Amino acid sequence: MRNIYFDICSIPVFIVLLITCKIRKMTHGRTNRLFLMFTCASLTCAVADFWAELLVAAVPMSRGAVMLASFLDYVYLLLRNASLVLYFIFVFVITRTDYRIRSLKNRLLLWLPYFLLVLILIQNFFTHNVFTVTVRTGYTRGPMISALYLIALIYGLSGFGYCIYCKRYLTAGKWFALLSVYLFTFAAVLIQYLRIDLLVEMFSTALGLLAIMFIVMRPEEAMDASVGLQSWQAYQTDLRNILQSRQPTQIVVIQLTNATEVRTYLSDAVFDPFVQEIADGLHDMFRHKHIRPEMYFERPGTIYLIQEEGGAKLSELIPGFMRDMLERTSIYNELGVQLNHKICVINYPRDLREWKDIINLGHRFARLGPDDQTMLKASDVVSSKHFEVENHMDEILNRAIVEHNVEVYYQPIYDTKTGRFHSAEALARLHDSRYGMISPGIFIPAAEALGLIPAIGQEVLESVYRFIAGHDLKALGLSYIEINLSVAQCMQKNLVDAIRQLQQKYGVDPKTVNLEITETTFNSVSERAKRNLGRLSEMGYTFSLDDYGTGYSNIQRLCRLPFDIIKIDKSMVDEMGTENGSRILHHTVQMMQSIRKKLVAEGAETQAAVEALREMGCDYIQGFYFSKPVPEKEFVAFLEANNR
Ligand code: C2E
Ligand code: MG
Ligand code: MG
């Protein structure tokens, strides 16, 4: 009898691998499914191999044993070769190049040798020219067995070659682990060729799979373990993959729009199982409908589904499912938390063709459609100017920097004591050659997100310093110009140096510049921001606290930070018409006076508002009532006309 101990040893390894997959929640998704199929096929092969060997060792055999041994040999040959094909596909999937085997032609090409192998095995029933098991001689091989070896060799060598070719797509460790399955198999075949009595093939496969499990299958990279769905990184790569294959695909994005708030209220430990509940529900539904979309999760609360076209339409299934799900889920019932959601359906390539556009839409669609509409079709959203602009923001901003498309407008600020305009706020305007005028409310946050705020901020600073140097502020009646600094600017490493250089270049007195900072800057308590402001303060710059009343107005900040001016946000001024609003504003003014801060009220649009603010004791007023932000020349003309 041949040595079956290697086969026996491989069996627990395969079983442990399967259990590990289950424990590590590696059961969903293409990569995991293929790995599971490969491991199951190998386990069955190992069992069939050793059992057949046991049976044929005892010649002469009974008729029943002959039949069973033949059956096991067929199982072994079918599954062993199928697993070679599966592993080849696995290599394609791991290297994210499976778009190459998506077309029907390539799929047929891939499976063709295997079909041939099946035909050869079928004809073996009648001809026994591959192998035969008889009562007396046990297992004997026929001449056609070499055809099977040839087919296995074709898969082995082409898979091995493809692995080598794919080195550039993988880290060295992963690449070597993928190759190792082939290397172990080649070594096993060689050993078995030299020592026919050693059945080492399945054991070598087990070693290869162990390497794959520990080096390649890293669920923390492909999976979000806390919700049991594939990760956001996996979504990005798979999407890229699909775009390369040009296969028509439906992408559905389900955004839990208040996930951040609910997470804060409930903690992640309560929220994550809830997402898992939704994912399980989706899996069940898809199983019933016989479809298998890939599912991904992005924190804090977005689920992405990818489904190749054909089969049931996700856009018809998802809205009803989500409505029911959010109605009956445990969190909703027990804690009374209302989860809001929005769904967006993107048909590739009809709606969008670019990877970046699809990713962007997935993030933005909730803000782009009407508030009361849960279900959005990408086709409705992508044609809007808003999406166009937001989607091309990096291009627009880069153009703005190169072509100097940022212009600074000035809005005068009225002094209630003197009845003259005593300062002004510099406000950035972007005129894009393609998309026209873009509001700072859109391009400033985008510049922050894209890391372009230093360059944009520099354009604004330079423009204002040039303006101050080029005009006699005193003669115009102005004490200083206010410049907005965004959160990211305040944290900028070279902010102080950049300002110092401008100051020297234009010979500007720091007293003629006031820097506006929003409250939120200090939420993200950055030491660098504090240090920057401290140094600027030492250089003689003064600061305003912008948008007071919109954030968590913090007493400590008011008391300790070097603000000379507090700017009351327009939203507070708008509430002045109500009794409470008026009282709050009144007391705010008194409070600021008592801690000796100057007060600017923003957004006064009517004479009544201006009168009321003056009566309350507001020091300065800024608003459309006096002037909108206007270009430099118009602003100077305005001052000359009104500040005489
Ligand atoms: P902000 O600093 O609070 O600027 C005041 C905003 O209120 C300006 O909007 C101004 O046009 C608007 N405003 C003033 N009076 C009235 C009024 O009576 N009615 C109405 N409806 N609006 C009024 P704008 O220019 O669109 O700027 C929006 C925000 O963008 C600014 O809010 C500021 O946070 C940011 N921003 C603008 N320019 C810059 C810049 O150069 N750098 C940075 N970092 N942020 C900027
Ligand atoms: Mg401001
Ligand atoms: Mg403001």
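The values are calculated or read from the model by the stated rules, or taken from the named source; none is laboratory data. Model, not experiment: these values are computed from the prediction. When we count neighbours, we look across all protein chains shown, and the Cβ atoms used for this are built from the backbone with ideal geometry, even at glycine. Note: areas computed on protein heavy atoms with side chains; ligands, DNA, RNA excluded. Shrake-Rupley method; radii C 1.70, N 1.55, O 1.52, S 1.80 Å.
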Inset, instruction - Please sort 205-216, 136-147 by packing, taking for each peptide the average over its residues of neighbouring beta carbons within 10 angstrom, highest first. - result: 205-216, 136-147
Inset, instruction - Please find the FRET efficiency linking Asn580 to Gln247, where r is the Cβ-Cβ separation and R0 is fixed at 56 Å, and quote it to the nearest 0.05. - result: 0.45
Inset, instruction - Compute the acute angle (0 to 90°) between the alpha-carbon long axis of helix 495-506 and the principal axis of greatest extent of the alpha-carbon atoms of the chain; round to the nearest 10°. - result: 40
Inset, instruction - Would you please put 562-570, 399-407 in order of how densely packed they are, using the mean number of other Cβ atoms within 10 angstrom per residue and starting with the highest? - result: 562-570, 399-407
Inset, instruction - Please give the per residue accessible area of region 224-390, computed with a probe of 1.4 Å over protein heavy atoms only, in Å². - result: 46
Inset, instruction - Can you tell me the 0 to 90 degree angle between the C-alpha axis of helix 527-539 and the longest principal axis of the chain, rounded to 10? - result: 20
Inset, instruction - With the full set of protein chains in place, find how many percent of the accessible area of the chain is carbon and sulfur; take the probe as 1.4 Å. - result: 58
Inset, instruction - Compute the distribution of all C-alpha to C-alpha distances in region 224-390, in bins of 10 Å from 0, and list the percent of pairs in each, rounded to whole numbers. - result: 10, 40, 38, 12, 1
Inset, instruction - Normalise the Debye intensity by I(0) for region 540-644, one equal point scatterer per Cα, no solvent, then take log10 at q = 0.17, 0.20 Å⁻¹ and round to two decimals. - result: -0.84, -1.07
Legend entry - Added length on full extension, which subtracts the Cα-Cα distance from 0.36 nm per residue, Glu527 to Tyr165: 125.4 nm
Legend entry - Normalised alpha carbon radius of gyration of region 176-234 [divisor 2.2 N^0.38 Å]: 1.55
Inset, instruction - Kindly report the accessible area of region 121-189 per residue (heavy atoms of protein chains, probe 1.4 Å, no ligands, DNA or RNA), in Å². - result: 53
Legend entry - Values of log10 I(q)/I(0), in the order q = 0.25, 0.29, 0.34 Å⁻¹, for region 373-417 under a Debye, Cα-only, solvent-free model: -0.92, -1.03, -1.10
Legend entry - the chain: calculated mean residue ellipticity at 222 nm from DSSP helix runs of at least 4, using -39500 (n - 2.57): -18500 deg cm²/dmol
Inset, instruction - Could you state the accessible area per residue of region 392-642 in Å², with a 1.4 Å probe and every protein chain left in place? - result: 46
Inset, instruction - Quick one: angle between helix 607-616 and the longest Cα principal axis of the chain, in degrees between 0 and 90, rounded to 10, please. - result: 80
Inset, instruction - Take Met1, project a point 7 Å from its Cα along the Cβ direction, then tell me which residues of region 49-67 have their backbone nitrogen under 17 Å from it. - result: 49-62, 65-66
Legend entry - Bridge type composition, the chain - antiparallel percent by DSSP, nearest 5: 60
Legend entry - Three-way shape call for region 410-566 based on the alpha-carbon gyration tensor, with the a/c threshold at 1.5: rounded
Inset, instruction - Round to the nearest 0.05 the FRET efficiency obtained for Gln236 and Phe186 when R0 = 35 Å and r is the Cβ-Cβ distance. - result: 0.50
Legend entry - Per-residue SASA entry for Asp509, accessible area with 1.4 Å probe, Å² rounded to 10: 80
Legend entry - Gyration tensor verdict on region 325-418 (Cα atoms; rounded if a/c is under 1.5, prolate if a/b is larger than b/c, oblate otherwise): oblate
Legend entry - Global geometry of region 1-145, whether rounded, prolate or oblate, following the gyration tensor of its Cα atoms and the 1.5 cut on a/c: oblate
Inset, instruction - With no solvent and one equal point scatterer placed on each C-alpha of the chain, evaluate the Debye formula and give log10 I(q)/I(0) for q = 0.06 Å⁻¹, two decimals. - result: -0.53
Legend entry - Selection of trypsin sites (Lys or Arg not before Pro), region 430-507, meeting DSSP coil and at most 11 other Cβ within 10 Å: Arg434, Lys493
Inset, instruction - Please list 45-53, 313-321, 98-106, 233-241 highest first by mean number of surrounding beta-carbon atoms within 10 Å per residue. - result: 45-53, 233-241, 313-321, 98-106
Inset, instruction - Could you pull out the GluC sites (Glu not before Pro) across region 550-644 that fall in loop regions by DSSP (anything but H, G, I, E, B) with no more than 15 other Cβ atoms inside 10 Å? - result: Glu605
